[in-house]
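Peer 1: Here it is, the structure, as structure tokens.
The values are calculated or read from the model by the stated rules, or taken from the named source; none is laboratory data. Nothing here was measured: the structure is a model prediction, and the numbers come from that model. Here Cβ is always computed from backbone atoms with ideal geometry, including for glycine, and neighbour counts include all displayed protein chains. Remember, those area values only see protein heavy atoms, side chains included, never the ligands or the DNA or RNA. Shrake-Rupley method; radii C 1.70, N 1.55, O 1.52, S 1.80 Å.
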Amino acid sequence: MTKTRSLRWSLPTLLLAATVDATDMPLNMTKGVTEISQQVYDLHMTIFWICCVIGAVVFGIMFWSIVRHRKARGVQPAQFHESTKVEILWTAIPVLILIVMAIPATKTLIAMEDTTEADVTVLVTGSQWKWHYKYLDNDVEFYSLLATPKEQIINRFAKGDNYLLEVDRPLVIPTGKKVRFLMTSDDVIHSWWVPAFAVKKDANPGFINEAWARVDEPGVYRGQCAELCGKDHGFMPIVVIAKSPADYEQWVNGEAERIAKAKAEEQELLAMNMSMEELMSVGERTYTAYCAACHQPNGEGLPGIFPALKGSALALENIPGHIDIVLNGKTGTAMQAYAKQLSLKEIAAVITYERNAWGNNTGELVQAADVHAVMQGKGE
Amino acid sequence: MSAVVTDHEHEHHDHKPAGIKRWLYTTNHKDIGTMYLVFALIMFFIGGAMAMVIRAELFQPGMQFVEPNFFNQMTTVHGLIMVFGAVMPAFTGLANWMIPMMIGAPDMALPRMNNWSFWILPFAFLILLMSLFMPGGGPSFGWTFYAPLSTTYSGDSTALFVFSVHIMGISSIMGAINVIVTIFNLRAPGMTWMKMPLFVWTWLITAFLLIMVMPVLAGVVTMVLTDKYFGTSFFDAAGGGDPVLFQHIFWFFGHPEVYIMILPAFGIVSSIVPTFARKPLFGYASMVYATSSIALLSFLVWAHHMFTTGMPVAGALFFMYCTMLIAVPTGVKVFNWVATMWRGAMTFEVPMMFALAFIVLFTIGGFSGLMLAITPADFQYHDTYFVVAHFHYVLVTGAVFSIIAAAYYWLPKWTGHMYDEKLGQWHFWCSLISVNMLFFPMHFVGLAGMPRRIPDYALQFADFNAFISIGGFLFGASQLIFVWVLVKCARGGKKATAQVWEGAEGLEWEVPSPAPYHTFETPPVIK
Amino acid sequence: MLLRRHNLGNNMSKTYEKYYVPAQSPWPIVGAVALFLIAFGAGNYVNEVTRQQPGFGGYMLAAGFVVLIFMLFGWFKNVIDESMSGLYSAQMDRSFRQGMSWFIVSEVMFFMAFFGALFYGRVIALDWLSGGSNNAMTFEILWPSFEAMWPLVKTPGGIETQAMPATGLPLINTAILVISSVTLHFAHTGLEQNKRGQLKIMLLVTLLLGATFLGLQVYEYIHAYRDLGLTLASGFYGNTFFLLTGFHGMHVTLGAIILLFVFFRVLKGHFTPEKHFAFQAAAWYWHFVDVVWLCLYVFVYVI
Ligand code: HEA
Ligand code: HEA
Ligand code: CUA
Ligand SMILES: [Cu+2]
């Protein structure tokens, strides 16, 4: 490790780079924190050593003859060119080796697939490019987004310790309990992977896959989306916090309360009017977090994939249409429905922002009540 | 010797048409072989340049040179170009040059179609490369173009991608038909099945695989096209389809496809090792049977790419066992090569060096393949750099090394000159060292948890990625030596004898070097 | 290796037929340009149509087909001339036959992709969407009101359509194609026994049957779109129905065009009882297309 690190410093190419605080990388698969992950690790090491031994034998013989049976030593080549006995032998031995590998593999696989009798069930939904978690036993659900600031990614600020592996709201699970994950997706295929649990399962749109984990150690575990899911596939981390059952219980209650409170606030908001400054500042924040990935920070989109909002007819003229597409998305395109993801306030703010930023100077304000009206079908 | 065309006996004796028309209108297997090889080399450089973009961006964490969307286009097109534009055409070029010479045929069986198979390829890749310049960019959904990322969520270039894949498919199918028919029908008298050189055997089986799976690829891209543009829902649950259906059809093609890229390599190594060990190939018959079993098994293992898609346990077990079984016939091959060297009298010219490197490094790639086959472990490896390490070992130090070995081995036969041995050795050692710097650390990066197809990564992976990138640049630069050797050899050099290598045996070594424009105008007799 | 050294000079050409290697030909490169125009044109055209933008794609596509047809005429003219002037040996005839056979194998595999999709959709996707295998939650959470049935007349997303019956038109069409295979066979025996009258009549009948089949197929499509609401966009049933029958229909069309040219050549007096590769190839193709229809009839309409 140290050798390669010093090597990096010696590179002229470093001129380009921002300061990098490299943490040490493990050289092997993690043992993880579940019984299953431990089994997977053992399996991995078993096959690995078997391959090493076979390799050592085969390459050993090969290098031996490279050294000994070279023309430069004046040897006469032998002329043999078959031997049924040997050939049968070296067909049979690998078969036996494979059987030895297959037995523990089969056992582990069957254990992994048994999702019955779970204590907690979480519905995990991937969408471009965030995860949504919904606890099926409580009223708790939320989105989980990358928390690394853009400035770190474009090398303007120094990168933090958990660069690209941090989220705004992590998933929380209890220790010592069997947690069942139900995976699905709203758009393309994603894959939910936490190495420490040895869980990697594809989230297929329209279908639900199952996986499970029983974590014994409280702690923070990080993972990433593991299926190419479009532009920001690399920016879709997973963070799971395992808490003792009591702490977990407390957290669930707190969450439920928070969500209920937000709903109540929402109602109050309908009667209030926000100022342009407030709308614009909330709007900008929301836009950067939720919309800029596709429509770009400058509102110009990526021609051919994501339309520009700057100068868009919808964003300049048709208010109800604008609200509608943000609320409900457009099926069959990457444009998602945000009614579920954002509060009324945020939606109102982001729409106001889109109608007044980057030269879209309509001067119009959109209030939470307007959004609510469209939601109730009274927009026209 | 009598001539190829009736009544034109002497006119056609080694008479090459001149000018550009020679290449555009040609029906000569050697010309077409040359064009395939040159095309493949150009594509290797274009695909390689894209890999350099990938490595440059991954040199450091953070986004430096390209946008994520462009990065995805680079990985996608890099994969497509290397697979369909570099490796496959290179093998087809070798088949064109060598198969007729090895079996004593006057040319390929269907010479005009042969020309057509070649010439549609540059157009297919022209379309693919042009799509990069469309608004929204080229294909960015990986060379495996999983739906619905490639359907509902893809850019406008998807249609161009689909049609260019159709054309590549047509080209491969026609090329494969030509190879099969040539081998079935044009063998010289006495060239019985079990006397055919292994390169011919492996290509025969490869051609069979091509005919079986390329149409399936055509089918699946067609479904992508209709899903995106014509409202069908093959890969959409709301309409009763399934995104995973895409993966089944794709990998039914995709897995045999990877063997399409390695079986001819086995043939090449099986030609080179006996030559430089001065000893007959060990276990000829078992080589033939092993190749056939690999081909047949390859139809039963496709879902090992899909262990995480949520297939039922019984399915996963079936595919795991079948995949593991492939190690057996492949092992037979490796053991046979080693046994061929055993008690030979070896020399180590450049082709042999690449062949030896092939044996070791391909086997390492095979071992990691075997690890990937173990389903529970694959859950940890899947879609990480461990997989990237695996397939670059089998593809770069496997397929590409074998192609380079073949080029050195047969260059004197093609050009009539010996290549520069010293430069060749430089090329070998530079490539060997840099390629391992490039791909070996990827195993560790993958095990430590770095997903593939990401333009930016967590800080812990920084050191290794920097090292890998340096290896990549060095490996790329090393290939410039190769071009130098090729150009030098084409222009001149020590005259090559007919046999070229002391230990070489086979029909191709009995005709003069360079091989005459029309090799066998009457069938030679093999006793 | 296993080959022994031998003398290349030893002239065995007397005992072996010569293998004709055409010297040069402009047609392949013309064909390559045609494919380029078709692919690039079509690639642009589909976008222009879906985005309703004007563009050059359509023209390019059309130009591609024109060039392709030009190429086919030129290429086949060469081949026919060579064949008629006796340049082709029996060995070459074998090459052509084997080439054609492998081409048909590749076509079979093309259809296999779609039959495979049909099989998967019916046996696996339907089962999983309705809670089968390890997908109980798929049904419970995502598609609680979905009922598995085939034909899939109501998709999980709620698109409704009607199924195409197996009797009536499709059955008649099946009969037509089977009979056309038989008549083509009689045309072939006519050729082999040098009964030119039988050859011509049977070939003509085959062609007419083919054309009738296509006409009825078009009628059926119109019926599906107008009356049954069965369209390309009506879910997996419609998808497999149209793509399978559609690609089959395209093959029938192609086969009929080839047969038409064979028919003209028969009228011109080409083909002998011994040598008639073009006829043979067209016939194989036709029989293959017929077999595809039989599978299709069973799997798409009946079961
Ligand atoms: C030339 C190409 C090539 C070749 C030859 C192989 C060979 C093999 N591959 Fe590989 N593979 C790819 C190209 C190739 N692969 C590519 C491109 C991908 C990624 C595609 C993508 O997702 O983009 C891939 C991915 C891939 C996966 C999916 C990984 C994932 O995405 O999670 C798997 C899983 O099983 C796999 C397995 C194997 C196996 C078992 C072999 C076997 O054939 C190897 C057999 C050889 C040996 C085992 C070594 C020699 C044997 C001995 C010395 C005998 C004794 C040995 C033992 C008994 C152990 N490969
Ligand atoms: C035969 C196939 C083949 C070959 C030969 C290669 C060759 C190389 N590949 Fe390949 N690669 C694939 C097939 C292949 N690859 C596939 C199928 C994928 C998966 C795609 C996907 O995910 O969809 C992939 C993905 C892939 C990735 C992962 C991308 C990702 O997941 O984000 C990376 C990353 O390093 C990579 C790197 C390289 C490098 C450095 C080479 C080098 O060996 C290239 C060396 C060649 C050159 C560099 C060109 C020659 C030299 C010059 C142009 C001179 C100038 C250069 C310098 C002076 C530096 N490849
Ligand atoms: Cu989500 Cu990758
Ligand atoms: Cu595979």
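Peer 1: Rank C:Val79, C:Val66, C:Val252 by mean-square fluctuation in a GNM of chain C with C-alpha springs under 10 angstrom and give only the top-ranked residue.
Peer 2: C:Val66
Peer 1: Between A:Asn28 and A:Arg169, how many nm apart are label points set 7 Å from Cα along the C-beta direction?
Peer 2: Reported label-point gap for A:Asn28 and A:Arg169 is 3.9 nm.
Peer 1: Below 8 Å, C-alpha to C-alpha, sequence gap of six or more: please give me the relative contact order for chain B in percent.
Peer 2: It comes to 18 percent, rounded to a whole number.
Peer 1: Let me ask something else about it. For region B:30-141, what is Rg from Cα atoms divided by 2.2 N^0.38 Å, rounded to two decimals?
Peer 2: 1.30
Peer 1: Using only Cα atoms, tell me the angle between helix B:198-229 and the longest principal axis of chain B; keep it within 0 to 90° and round to the nearest 10.
Peer 2: Helix B:198-229 and the main axis of chain B meet at about 40 degrees.
Peer 1: Right, here's the next one. If you fit an axis through the alpha-carbon atoms of helix B:243-260 and take the longest principal axis of the Cα set of chain B, what angle between them do you get, 0 to 90°, nearest 10?
Peer 2: 30
Peer 1: Next question. Any chance you could get the radius of gyration and Dmax over the Cα atoms of region C:203-263, in Å?
Peer 2: Rg then Dmax for region C:203-263, in Å: 13.6, 41.
Peer 1: Using only protein heavy atoms and a 1.4 Å probe, how much accessible area in total is buried between A and B, to the nearest 100 Å²? Before the final figure, lay out each step's value.
Peer 2: On the way: alone 22550 and 21210 Å², together 34710 Å².
For A against B, buried area totals roughly 9100 Å².
Peer 1: Provide, as a two-decimal number, the C-alpha radius of gyration of region B:284-412 over 2.2 N^0.38 Å, N being how many residues it has.
Peer 2: Compared with the compact-globule rule of thumb, region B:284-412 sits at 1.19.
Peer 1: Taking a 30 Å limit on the Cα-Cα distance, which of the listed pairs A:Lys130/A:Lys261; A:Lys263/A:Lys330; A:Lys200/A:Lys340; B:Lys488/C:Lys18 fall beyond it? Don't skip to the answer; put the middle values down first.
Peer 2: Values: A:Lys130/A:Lys261 24 Å; A:Lys263/A:Lys330 25 Å; A:Lys200/A:Lys340 26 Å; B:Lys488/C:Lys18 38 Å.
Correct reply: B:Lys488/C:Lys18.
Peer 1: Which value, in Å², gives the accessible area per residue of region C:30-92 when a 1.4 Å probe is used on the protein heavy atoms?
Peer 2: Here the residues of region C:30-92 average 52 Å² of exposed surface.
Peer 1: OK, next. Please report, to one decimal in angstroms, the Kirkwood hydrodynamic radius of region B:115-207 built from all distinct Cα-Cα pairs.
Peer 2: Here the Kirkwood hydrodynamic radius works out to 15.6 Å.
Peer 1: What residue among C:Arg94, C:Arg51, C:Arg265 has the largest mean-square fluctuation in a Gaussian network model of chain C, using Cα springs under 10 Å?
Peer 2: Evaluated over chain C, the most mobile residue of the options is C:Arg51.
Peer 1: Okay, next question. Assuming a viscosity of 0.890 mPa s and a temperature of 25 °C, what translational diffusion coefficient in µm² per second does Stokes-Einstein assign to the protein assembly as shown, Rh being the Kirkwood radius over Cα pairs?
Peer 2: Rounded to a whole number, D works out at 75 µm²/s.
Peer 1: Okay, next question. Given 10 Å bins starting at zero, what is the percent of C-alpha pairs of region C:56-151 in each, up to the one with the largest pair distance?
Peer 2: Percent of Cα pairs in each bin: 13, 19, 19, 16, 16, 12, 5, 0.
Peer 1: Add -39500 (n - 2.57) for each DSSP H run of 4 or more in chain B, then divide by its residues: what number comes out at 222 nm, to the nearest 500 deg cm²/dmol? Walk me through the intermediate numbers first.
Peer 2: Working: 18 runs with 334 residues, N = 527.
Roughly -21500 deg cm²/dmol at 222 nm, from the helical runs in chain B.
Peer 1: What distance in nm separates the simple spin-label points at B:Phe299 and A:Glu266, each placed 7 Å from Cα in the Cβ direction?
Peer 2: Roughly 5.6 nm, to one decimal.
Peer 1: Mean projection of the alpha-carbon convex hull of region A:29-140 over all orientations, in nm²? Could you put the intermediate results ahead of the total?
Peer 2: On the way: hull surface 54.1 nm².
The directionally averaged projection comes out at 13.5 nm².
Peer 1: Next question, about the same structure. For the protein assembly as shown, which whole-number percentage of the solvent-accessible area (1.4 Å probe, protein heavy atoms only) is attributable to carbon and sulfur atoms?
Peer 2: Carbon and sulfur atoms account for 65 percent of the accessible area of the protein assembly as shown.
Peer 1: At 20 °C and 1.002 mPa s, what whole-number value in µm²/s does Stokes-Einstein give for the translational diffusion of chain C, with Rh from the Kirkwood sum over Cα pairs?
Peer 2: The estimated diffusion coefficient comes to 93 µm²/s.
Peer 1: Whats the longest run of chain A with zero chymotrypsin sites (Phe, Trp or Tyr not before Pro) that are DSSP loop and have at most 15 other Cβ atoms within 10 Å? Intermediate results must be reported in sequence, preceding the final value.
Peer 2: Numbers: sites that count: A:Phe80, A:Phe157.
Longest site-free region, per DSSP loop and neighbour criteria: A:158-380.
Peer 1: Hey, for a label at A:Lys330 modelled as a point 7 Å past Cα toward Cβ, could you say which residues of region B:136-161 have their backbone N under 15 Å away?
Peer 2: Taking a point 7 Å out along Cα→Cβ of A:Lys330, the residues of region B:136-161 whose backbone N falls under 15 Å are B:152-156.
Peer 1: Sticking with this one: If eta is 1.002 mPa s and T is 20 °C, what Stokes-Einstein diffusion coefficient results for chain B, Kirkwood Rh from Cα pairs, in µm²/s?
Peer 2: This corresponds to a translational diffusion coefficient of 90 µm²/s.
Peer 1: Counting partner chain Cβ atoms within 10 Å of every residue's Cβ in A:331-339, what's the average?
Peer 2: Partner Cβ neighbours, averaged per residue: 2.
Peer 1: Binning every alpha carbon pair distance of region C:23-87 at 5 Å from zero, what are the percents per bin?
Peer 2: Values per bin, smallest distances first: 4, 19, 20, 16, 12, 10, 8, 5, 4, 2, 1.
Peer 1: For region C:91-302, compute the number of Lys pairs whose alpha carbons are separated by less than 18 Å, excluding pairs fewer than 8 positions apart on the same chain.
Peer 2: Within region C:91-302, the lysine pair count is 4.
Peer 1: With each run of n ≥ 4 DSSP H residues scored as -39500 (n - 2.57), what mean residue ellipticity at 222 nm is computed for chain C after dividing by its residue count and rounding to the nearest 500 deg cm²/dmol?
Peer 2: -22500 deg cm²/dmol
Peer 1: Quick one: net charge of A:Ile347's neighbours, Cβ under 15 Å, K/R +1, D/E -1?
Peer 2: The answer is -4.
Peer 1: Take chain B, mark every one of the GluC sites (Glu not before Pro) that falls in a DSSP loop and has at most 16 other Cβ within 10 Å, then report the longest stretch left between them, sites excluded.
Peer 2: B:12-501
Peer 1: Taking the 0 to 90 degree range and rounding to the nearest ten, how far is the long axis of helix A:245-270 tilted relative to the main principal axis of chain A, both from C-alpha atoms?
Peer 2: 30
Peer 1: Shifting gears a bit: Work through the residues other than B:Met194 whose Cβ is under 14 Å from its Cβ and net out their charges, Lys, Arg +1 and Asp, Glu -1. The partial results should precede the final answer.
Peer 2: Values: positive: B:Arg187, B:Lys195; negative: A:Glu82.
Net local charge, B:Met194 excluded: +1.
Peer 1: Now a separate question. Name the residue farthest towards the positive end of the dipole of chain A from the options A:Met276, A:Phe197, A:Gly329, assuming +1 on Cβ of Lys and Arg, -1 on Cβ of Asp and Glu, about the Cα centre.
Peer 2: Positive-end residue among those listed: A:Phe197.
Peer 1: Taking Cα centroids, how far is region A:28-87 from region B:410-464 in Å?
Peer 2: First find each Cα centre; the distance between them is then 22 Å.
Peer 1: Do the sum for chain A: with -39,500 (n - 2.57) for every DSSP H run of n ≥ 4, divided by all residues, what is the mean residue ellipticity at 222 nm, to the nearest 500 deg cm²/dmol? Each step should come with its number before you reach the end.
Peer 2: Values: 11 runs with 151 residues, N = 380.
That calculation yields -13000 deg cm²/dmol at 222 nm.
Peer 1: Express the accessible area of chain B per residue in Å², computed with a 1.4 Å probe while the remaining protein chains stay in the model. Numbers along the way, then the final one.
Peer 2: Working: 12960 Å² over 527 residues.
Accessible surface, normalised per residue, equals 25 Å².
Peer 1: Still on this structure: Shape of region B:443-527 from its Cα gyration tensor (a ≥ b ≥ c, root eigenvalues): rounded if a/c is under 1.5, otherwise prolate when a/b > b/c, or oblate?
Peer 2: Numbers: a/c = 4.17, a/b = 2.71, b/c = 1.54.
Cα axes put region B:443-527 in the prolate bin.
Peer 1: What spacing in nm lies between the two simple spin-label points modelled at C:Lys200 and C:Ile222, each 7 Å away from Cα in the Cβ direction?
Peer 2: The two pseudo-label positions are separated by 3.4 nm.
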